[in-house]
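Visitor: Sharing a structure, written as structure tokens. Questions coming.
Rule-based calculations on the coordinates, nothing more; no lab input. Predicted, not measured: the structure shown is a model, and the values here were computed from it. No Cβ is skipped: glycine too gets one built from the backbone with ideal geometry, and neighbour counts run over all protein chains shown.
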């Protein structure tokens with residue numbers, strides 16, 4: 001969800017590694033130790049986003065309009081788009 005909120009996707013994950021946005025840099029493992037607590041590498045989120053995309057991409061592919069189920073996001077949309085999904089900040 002953080003990736004979707006920050007407009008990160010599978011398509012732009014590589015380019016985002018050069019971002020000046022501190023939130024993007026923390027999520028992608030460029031700054032800080034986001035993965036250290038649970039014993040993950042610092043770039044774990046980058047690798048996930050690059051491989052499968054952000055929450056919105058995953059939803060659309062498996063449940064959404066581009067899937068056989070054709071579901072609307074509704075409550076599964078980000079809070080900023082009328083849904084209930086609110087990702088906590090990456091610190």
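Visitor: Give the order of 58, 49 when sorted by the count of other beta carbons within 10 angstrom, beginning with the fewest. If you can, show how the numbers build up before the last one.
Guide: Values: 58 15, 49 25.
The fewest-first ordering by Cβ neighbours comes to 58, 49.
Visitor: What would the Debye formula give as log10 I(q)/I(0) at q = 0.19, 0.21 Å⁻¹ for the alpha-carbon point model of the chain, no solvent?
Guide: -0.88, -1.02
Visitor: Please compute the length gained on full extension between residue 9 and residue 42, using 0.36 nm multiplied by the number of residues separating them and subtracting their Cα-Cα distance.
Guide: 10.1 nm
Visitor: According to a simple spin-label model (label point 7 Å from Cα along Cα-to-Cβ), what is the distance in nm between residue 67 and residue 31?
Guide: 3.5
Visitor: Quote to one decimal, in nm, the extra length available between residue 51 and residue 18 on full extension: 0.36 nm per residue of separation minus the C-alpha distance between them.
Guide: 10.0 nm
Visitor: Separate question: To make sure I understand, if each residue's beta carbon is the centre and we count other beta carbons within 10 Å, what order do 86, 46 fall in, fewest to most?
Guide: Starting with the residue having the fewest Cβ neighbours, the order is 86, 46.
Visitor: Based on other C-beta atoms within 10 Å, arrange 79, 44 from fewest to most. Please report the intermediate quantities before stating the final value.
Guide: On the way: 79 12, 44 15.
Result, fewest neighbours first: 79, 44.
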